[in-house]
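Only one structure is covered here, and it is reproduced in the block below.
Every number here is computed from the coordinates shown, using simple stated rules; none is lab data. A quick note: this is a predicted structure, and the numbers were derived from the prediction, not measured. FYI the Cβ positions are ideal-geometry reconstructions off the backbone, even for glycines, and counts take in every protein chain you see.
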Amino acid sequence: MNKDLLSILDLSADELDVILGEAANLKMLRKAGRPHEFLKGKSLAMVFEKASTRTRISFETGMYELGGHALFLNPSDLQIGRGEEIRDTARVMSRYVAGIMIRAYHHEHIEEFARWSSVPVINGLSDREHPCQIIADLMTIREHFGKLSGLRLAWVGDGNNVCNSLVLASALAGYDLTVASPDRFQPPGEVVERARAAGGSVTLVREPGDAVADAHVVVTDTWVSMGEEAGKAERLKAFSGYTVTPALMRKAGPEAVFLHCLPAHRGQEVADEVIEGPQSLVFDEAENRLHTQKALLVKLMGREIGGP
């Protein structure tokens with residue numbers, strides 16, 4: 001496995017399968033109340049340029065339950081907020097901690113950290129990808145269906161960073177993904193081609209109904225991500241008709257499930273009846289951020305869960 005997780009494709013299909021399996025084991029240990037301090041005495045630096053609920057709580061709680069310690073840092077806490085170069089911060093930080101998680105506005109900042117860091121760097125979200133979210137999504141889907149390969153997934157809405165990671169992960173997990181977005185908001189062509197070149201199955205359409213027809217999983221996200229608030233009115237207009245409603249879910253079929261990484265804007269990208277309905281796995285999905293990230297932390301910073 002690569003030292004870092006900057007993109008979902010930093011994992012191989014086998015490595016993804018191992019992480020999902022270890023996440024399931026850790027989930028069982030937690031529910032049984034059994035200690036699992038596989039990272040005892042180790043610290044994780046968490047650098048947050050962007051605010052967070054699930055990312056911060058899941059990583060911080062995860063490190064605590066693994067016997068380690070997490071440090072919450074924002075740029076104003078660090079000299080990097082006063083102009084220190086990333087390469088200097090990364091080299092110093094690497095001498096103190098066993099790993100670094102960064103939630104950044106610009107993917108290039110995370111790449112620069114990883115270039116100079118001697119410890120693993122994890123992308124907790126960037127403008128390009130959100131690999132930690134997609135690993136949790138895949139765990140949730142596999143828990144429900146017992147598999148990933150051969151399933152039909154539909155993404156409805158903005159072709160954003162979460163969508164990019166879902167597109168790329170199709171090459172690892174073997175599902176067929178159809179993305180419904182307005183032309184201006186489709187996932188970048190280079191991301192789609194990268195997924196296809198790696199063996200992924202990705203189809204781009206305009207109409208949500210075409211994407212969700214016979215889908216096993218329907219996924220959406222906010223139409224206005226952090227940093228895009230200035231264009232909110234334009235985006236809301238462009239995505240008119242892309243709300244995941246009960247009527248749209250009926251086109252996917254009664255066995256389909258709904259995912260959303262949260263936070264949700266009910267009445268915009270998803271109807272309240274869907275996110276609160278029986279097909280929604282949204283809160284299982286949010287919980288699984290904890291378990292998958294614990295498995296990832298152990299894989300990158302510790303040892304195999306079943307190892308010596």
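Taking every C-alpha pair closer than 8 Å and separated by at least 6 residues, the mean separation divided by the residue count of the chain gives a relative contact order of 19 percent. Axis angle, to the nearest 10 degrees, between helix 13-31 and the longest C-alpha principal axis of the chain: 80 degrees. Is the shape of region 4-46 best called rounded, prolate or oblate, per the rule: a/c under 1.5 gives rounded, else a/b larger than b/c gives prolate, else oblate, with a ≥ b ≥ c the square roots of the Cα gyration tensor eigenvalues? It comes out oblate by the Cα gyration axes.
When the charge dipole of the chain is built from unit charges on Cβ atoms (+1 for Lys and Arg, -1 for Asp and Glu) and taken about the Cα centre, the candidate among T203, Y64, L248 whose Cα reaches farthest toward its positive end is Y64.
Using DSSP to call loops (not H, G, I, E or B), can you name the trypsin sites (Lys or Arg not before Pro) in region 1-86 whose Cβ has at most 14 other Cβ atoms within 10 angstrom? When the trypsin sites (Lys or Arg not before Pro) of region 1-86 are filtered for loop state and at most 14 Cβ neighbours within 10 Å, K3, K40 remain. Under the combined filter of DSSP loop state and at most 14 neighbouring Cβ atoms within 10 Å, region 195-255 retains these GluC sites (Glu not before Pro): E255. Taken about its Cα centre, region 133-286 carries a charge dipole of about 260 debye when Lys and Arg each add +1 at the Cβ and Asp and Glu each add -1 at the Cβ. The Cα atoms of region 208-295 give a gyration tensor whose axes a ≥ b ≥ c have a/c of 1.5 or more with a/b no greater than b/c, which makes the shape oblate.
Restricting region 242-305 to trypsin sites (Lys or Arg not before Pro) that sit in a DSSP loop and have at most 11 other Cβ atoms within 10 Å of their own Cβ leaves R303. In the chain, the calculated helix contribution to ellipticity at 222 nm averages -12500 deg cm²/dmol per residue, counting -39,500 (n - 2.57) for every DSSP H run with n ≥ 4. Under 20 Å from a point 7 Å along the Cα-to-Cβ line of R206: which residues of region 162-186 have their amide N that close? Backbone N within reach: 178-186. Measuring between their Cα centroids, region 13-28 and region 166-203 lie 23 Å from each other. Shape class for region 136-295, computed from the alpha carbon gyration tensor (a ≥ b ≥ c): rounded, with a/c under 1.5. Exposed loop sites, defined as chymotrypsin sites (Phe, Trp or Tyr not before Pro) outside DSSP H, G, I, E and B with at most 15 other Cβ atoms within 10 Å, are absent from the longest region of the chain, namely 106-308.
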